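Worksheet: one structure, shown below.
The values are calculated or read from the model by the stated rules, or taken from the named source; none is laboratory data. As the structure is a computational prediction, the values presented were derived from the model and not from experiment. Here Cβ is always computed from backbone atoms with ideal geometry, including for glycine, and neighbour counts include all displayed protein chains. We work out accessible area using only protein heavy atoms, side chains counted, and drop any ligands, DNA or RNA first. Shrake-Rupley method; radii C 1.70, N 1.55, O 1.52, S 1.80 Å.
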Amino acid sequence: MIKAILVFNNHGKPRLIKFFQYYNEEAQQNIVRETFQLVSKRDDSVCNFLEGGSLIGGSDYKLIYRHYATLYFVFCVDSSESELGILDLIQVFVETLDKCFENVCELDLIFHVDKVQYILSEVVMGGMVLETNMNEIVTQIEAQNKLEKNEAGLSAAPARAVSAVKNMNLQQQIKDIKLPDLPNLRNLQF
């Protein structure tokens, strides 16, 4: 089971943090700090698996990570997870981000947190892997984007209606209405 997903830059600044097990905020910050210390010291030529730090569970947990440009993608998992499977999952997650943001960079993670969280929730939820097919994930993201655009159009509809009514100049139109002459009702007999 995946316990946490951490993405931080080369300086240890967190860009995405998702814990699937409860830790208070101070413990989360310490875990990120310790994980960065463990991962950043490693040479790029060594394997991408190491035992979890003392704060995240020790030897029962593993840190599986990939280093892309300025970002570290770290998955903290228990011993039941496959290291190679998680490495592949990291690759799928990064490629999906790359496809959705067209050459993803650190700033995309900062300025589009909600979209990144949505992409992550398409891949992993509750510490369990939901989807590994990148095309399926991108299809779901595009459907969500389309839905958001449609809702944005609907939410703007009242403002457009008010603007249209203002532009109609109703007062002048009411004055310009020609009413037919009414028959004289006084001379009618019953």
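How many residues, within the stretch 111-129, are out of contact with any helix residue (DSSP H, G or I) (no Cβ under 9 Å at 6 or more places or on another chain) and farther than 16 Å from I90 by Cα? Step through it out loud before you land on a result.
At the first step, the residues of the stretch 111-129 found to be out of contact with any helix residue (DSSP H, G or I) (no Cβ under 9 Å at 6 or more places or on another chain) are 111, 113-114, 117, 121, 125-128.
Now restrict to residues that are farther than 16 Å from I90 by Cα: 111, 113-114, 126.
Within the stretch 111-129, residues that are out of contact with any helix residue (DSSP H, G or I) (no Cβ under 9 Å at 6 or more places or on another chain) and farther than 16 Å from I90 by Cα number 4.
Go through the stretch 38-66 residue by residue and tally those that are exposed (fewer than 13 other Cβ atoms within 10 Å of the Cβ) and within 20 Å of E106 (Cβ to Cβ).
1
Is it the case that some residue within the stretch 13-28 is crowded, with 20+ Cβ neighbours inside 10 Å and over 21 Å from V129 (Cβ atoms)?
no
Anything in the stretch 115-150 that is over 15 Å from the mean Cα position of the chain (by Cα), open to solvent by less than 90 Å² (accessible area, probe 1.4 Å) and within 13 Å of K99 (Cβ to Cβ)? List them, or say none.
Correct list: N133, M134, E136.
Does E25 fit the bill of being over 17 Å from I86 (Cβ atoms) and without any contact (Cβ under 8 Å) to a residue 40 or more places away in the chain? Reasoning before the result, please.
On the way: over 17 Å from I86 (Cβ atoms): yes; without any contact (Cβ under 8 Å) to a residue 40 or more places away in the chain: yes.
Taking the combined requirement at face value, the residue satisfies it.
If you go through the stretch 91-114 one residue at a time, how many are within 11 Å of the chain's Cα centre (by Cα) and part of a loop (DSSP other than H, G, I, E, B)?
Total meeting the criteria: 1.
Only one of these is among the hydroxyl-bearing types (S, T, Y), under 26 Å from T132 (Cβ atoms) and out of contact with any strand residue (DSSP E or B) (no Cβ under 9 Å at 6 or more places or on another chain): S45, S80. Name it.
Details: S45 fails: under 26 Å from T132 (Cβ atoms).
After applying the criteria, what remains is S80.
Give me the strands (runs of 3 or more DSSP E) completely within the stretch 1-85, filtered to those with at least 2 residues that are under 25 Å from K115 (Cβ atoms) and under 26 Å from the mean Cα position of the chain (by Cα), ordered by residue number. Steps first, please.
Values: elements: 2-9, 14-19, 49-51, 61-68, 71-78.
It comes to 2-9, 14-19, 61-68, 71-78.
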